[in-house]
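Q: Below is one structure. I have some questions about it.
The values are calculated or read from the model by the stated rules, or taken from the named source; none is laboratory data. Source: prediction; values computed, not measured. No Cβ is skipped: glycine too gets one built from the backbone with ideal geometry, and neighbour counts run over all protein chains shown. Each accessible area value is taken on the protein alone, full model and side chains, heavy atoms only, with ligands, DNA and RNA left out. Shrake-Rupley method; radii C 1.70, N 1.55, O 1.52, S 1.80 Å.
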Amino acid sequence: TRSNKLFLARDRAGKKPLYYYLGSDRFLFGSEIKALLAEGSLHPDPDPCAIDAFLAFGFIQGSDTIFQGIKKLPAAHWLELSEGRVEIGRYWKLSYTPKRKLSLKDAIAELQWRIAEAVRLRLVSDVPLGAFLSGGIDSSMVVMQMAQLMSQPVKTFVVGFRDAAFDERRFARIIAEQCQTNHTELLVSASVLDILPRLVWHYDEPFGDSSAVPSFAIAECTRQHVKVVLNGDGGDELFAGYDRYGANLRARKLDAIPSSTWKLLETAMRCVPKHWRERQPFAKLCRIAEVMTQSCERRYATCNGHLTVAQRQALYAGEFQETIRENDPDLAILDVLSHTSADNWLDAMLDVDVSVYLVDDLLVKMDRATMASSLEARSPFLDHMLMEFTASLPPDLKLFGSDKKRLLKASLRGFVPDVILDRPKMGFSVPLASWLRGELRGFSQDILLSIRARQRGYFKVEAVEALLHQHISGLRDHSTAIWDLLMLEMWHQTFIDRPLDIPAISMSDPACGV
């Protein structure tokens, strides 16, 4: 008050949100967009460019939100308001240079110490504490360290599905038995139809990551047992755990082939009859040719996207397409790549994922899911000193040939069974395609083909109808596109058609059974 200034800042990794609005006569800020809307002076208008960005990636990147005029303060940034003017700056950023020179043995020893310290700091609690345990490498490491540091058995929780292809309970059970945890297996038993409206309400913006459903369910059920939970968020982005890293490194070797050759191949593939282009190996060759005509930066920006430019343009109605004609959803990623300190392509990709994918997708998913049930989530891998250490490691300690998470797995080898370390990565995925052909079939048709959805003018009705028909009939898997469209329309119905007019949601019925 003495200096007549307001100073705000957001945590380094972006675990927690901070939204703000600057008007001609007021400045609003809060940890939820609903808090800003509840002030009463803002009219909740959707941003067309943000809609395009959402469909491109399944989330909205950078400082923008789906609401016109409402912004996000980026992770590791501060904001100062003085005399009606806002100044924003960055106070922390991972540096990937210079590299530390460590032997594998020394790197393992230091990593084990740093993870143990990060976990120890997050065990300080006056309330019951536990851990999410998927049976993957990251959560296994956290639980193993917790078991060594705690005098009581660790309370661990895993969520499962009846569909074995998406069920990790058997792997979590192995770690739970080895670490002698107090283990609880949770089965998603609530109808997805019951969970969806609650997801839309708590996430404030359209969110296309379908693993938000099990995240929401496990958080709600875990809260019945503990109030604080540790997780393995950040392990993949720090230690190179995704297949796309190796794929993009291999693609860079193909950059020696002139782009004109790839363009010629892409043109030739268009001459192949459509019914052949949609079959293997033609479909794969078409995709390779299309991808290789792009720069490596643009290629990485789009490799983890949801809908390509062509797919979005096929959906958009003419007037809406003209509105977003100059929009480029890739810019947030391209900006990270243009300012990265990394001097090799693997670290550059990791920098993108730490700065964008982790902040705007994974941490949003975890924060909203846990906060909806008043459950505090803590992420040892996102300890900033541990993050700085991993960024300083040579790339071959993270990815060595096809060996992902090399250092992290080496530090667990001998302590964790090989079946855990060497199994293919499952990810926290859901049987989305079957949901949209089963339980959500009629619901998605009713929502996406409703009169209100048609009147918004975003999409060609016949294009949406074709997506639904091809998916339901089993001709194509359009589950990602349909899910994104469903989340977008449900968000409109919740925040635009009847803003802040939803009654309190009862949490009396858990989303899963023990």
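Q: Has the stretch 462-483 got any residue that is hydroxyl-bearing (S, T, Y), buried (at least 19 other Cβ atoms within 10 Å of the Cβ) and either at pLDDT below 95 or not in a helix (DSSP H, G or I) (or both)?
A: So far as the stretch 462-483 goes, no, none of its residues is hydroxyl-bearing (S, T, Y), buried (at least 19 other Cβ atoms within 10 Å of the Cβ) and either at pLDDT below 95 or not in a helix (DSSP H, G or I) (or both).
Q: Looking at (1) assigned to a helix (DSSP H, G or I); (2) free of Cβ contacts under 8 Å to residues at least 40 places away in the same chain; (3) surrounded by 19 or more Cβ atoms within 10 Å (Cβ to Cβ); (4) not aliphatic (A, V, I, L, M), which is the one condition that is false for T156?
A: Of the numbered conditions (1) assigned to a helix (DSSP H, G or I); (2) free of Cβ contacts under 8 Å to residues at least 40 places away in the same chain; (3) surrounded by 19 or more Cβ atoms within 10 Å (Cβ to Cβ); (4) not aliphatic (A, V, I, L, M), the odd one out for T156 is (1).
Q: Examine the stretch 421-442 for a residue that is among the hydrophobic types (A, V, I, L, M, F, W, C), open to solvent by less than 30 Å² (accessible area, probe 1.4 Å) and within 30 Å of R100 (Cβ to Cβ), and state whether such a residue exists.
A: Yes - at least one qualifying residue is present in the stretch 421-442.
Q: Let me ask something additional. Out of the stretch 227-248, which residues are modelled with pLDDT under 95 and aliphatic (A, V, I, L, M)?
A: Residue satisfying the conditions is A247 alone.
Q: Let me ask you something else. Looking at the stretch 302-349, which of the residues that are among the β-branched types (V, I, T) and outside any loop (DSSP other than H, G, I, E, B) is nearest to D396 (Cα to Cα)?
A: Only one residue tops the list, namely V336.
Q: Only one of A164, A118 is at pLDDT 95 or above, under 30 Å from P424 (Cβ atoms) and among the small types (G, A, S); which?
A: A118
Q: So Q294 ticks every box in (1) within 30 Å of P74 (Cβ to Cβ); (2) modelled with pLDDT of 90 or more; (3) surrounded by 14 or more Cβ atoms within 10 Å (Cβ to Cβ); (4) not β-branched (V, I, T) but one. Which box is left unticked?
A: (2)
Q: Quickly run through the stretch 113-143 and pick out the residues that are open to solvent by 10 Å² or more (accessible area, probe 1.4 Å), of a type in the set (A, V, I, L, M) and part of a loop (DSSP other than H, G, I, E, B).
A: The answer is L123, V124, V127.
Q: Residues in the stretch 1-15 that are open to solvent by less than 90 Å² (accessible area, probe 1.4 Å), part of a loop (DSSP other than H, G, I, E, B) and at pLDDT 95 or above: how many?
A: 5
Q: Given (1) open to solvent by less than 40 Å² (accessible area, probe 1.4 Å); (2) free of Cβ contacts under 8 Å to residues at least 60 places away in the same chain; (3) assigned to a loop (DSSP other than H, G, I, E, B), identify the lone condition not met by A176.
A: (3)
Q: Same structure again: Of the numbered conditions (1) under 17 Å from A391 (Cα atoms); (2) within 23 Å of the chain's Cα centre (by Cα), I70 fails exactly one; give the number of that condition.
A: Just one mismatch for I70, condition (1).
Q: Same structure again: From the list S355, S374, which residue is at pLDDT 95 or above, open to solvent by 20 Å² or more (accessible area, probe 1.4 Å), small (G, A, S) and under 27 Å from D330 (Cα atoms)? Step through it out loud before you land on a result.
A: Values: S374 fails: under 27 Å from D330 (Cα atoms).
Answer to the selection: S355.
Q: Tell me, which strands (runs of 3 or more DSSP E) wholly within the stretch 43-99 include 2 or more residues that are closer than 30 Å to A314 by Cα? Spell out how you get there, then give the answer.
A: Numbers: elements: 70-72, 77-82, 85-90.
Answer list for the stretch 43-99: 70-72.
Q: Within the stretch 383-393, count every residue that is in contact with a helix residue (DSSP H, G or I) (Cβ under 9 Å, 6 or more places away or on another chain) and open to solvent by 10 Å² or more (accessible area, probe 1.4 Å). Working first, answer last.
A: If we filter the stretch 383-393 for residues that are in contact with a helix residue (DSSP H, G or I) (Cβ under 9 Å, 6 or more places away or on another chain), which is where we start, we get 383, 385-387, 389-391, 393.
Then drop every residue that is not open to solvent by 10 Å² or more (accessible area, probe 1.4 Å), which leaves 383, 385.
Number of matching residues: 2.
Q: Which one is surrounded by the fewest Cβ atoms within 10 Å (Cβ to Cβ), of the residues in the stretch 186-209 that are modelled with pLDDT of 90 or more and among the charged types (D, E, K, R)?
A: Across the stretch 186-209, the extreme among qualifying residues is R198.
Q: Scan the stretch 210-249 for residues that are assigned to a loop (DSSP other than H, G, I, E, B) and open to solvent by 10 Å² or more (accessible area, probe 1.4 Å) and report the count.
A: Final tally of qualifying residues: 8.
Q: Determine which member of the set L73, L79 is touching a Lys or Arg at 6+ places or on another chain (Cβ under 6 Å), open to solvent by less than 30 Å² (accessible area, probe 1.4 Å) and among the aliphatic types (A, V, I, L, M).
A: After applying the criteria, what remains is L73.
Q: Turning to a different aspect of this structure: In the stretch 405-419, which residues are surrounded by fewer than 20 Cβ atoms within 10 Å (Cβ to Cβ) and in a loop (DSSP other than H, G, I, E, B)?
A: Scanning the stretch 405-419 gives G414, F415, P417.
Q: Moving on to the next point. Out of all the residues in the stretch 21-40, which are under 27 Å from E489 (Cα atoms), open to solvent by 30 Å² or more (accessible area, probe 1.4 Å) and touching a Phe, Trp or Tyr at 6+ places or on another chain (Cβ under 9 Å)?
A: Y21, F29, S31, E32, A35, E39
Q: Can you go through R252, R287, R299, R279 and tell me which one is among the basic types (K, R), under 30 Å from D209 (Cβ atoms), modelled with pLDDT under 95 and part of a loop (DSSP other than H, G, I, E, B)?
A: R279
Q: Right, another one. Has the stretch 137-151 got at least one residue that is of a type in the set (S, T, N, Q), under 13 Å from T181 (Cα atoms) and without any contact (Cβ under 8 Å) to a residue 24 or more places away in the chain?
A: So far as the stretch 137-151 goes, yes, one or more of its residues are of a type in the set (S, T, N, Q), under 13 Å from T181 (Cα atoms) and without any contact (Cβ under 8 Å) to a residue 24 or more places away in the chain.
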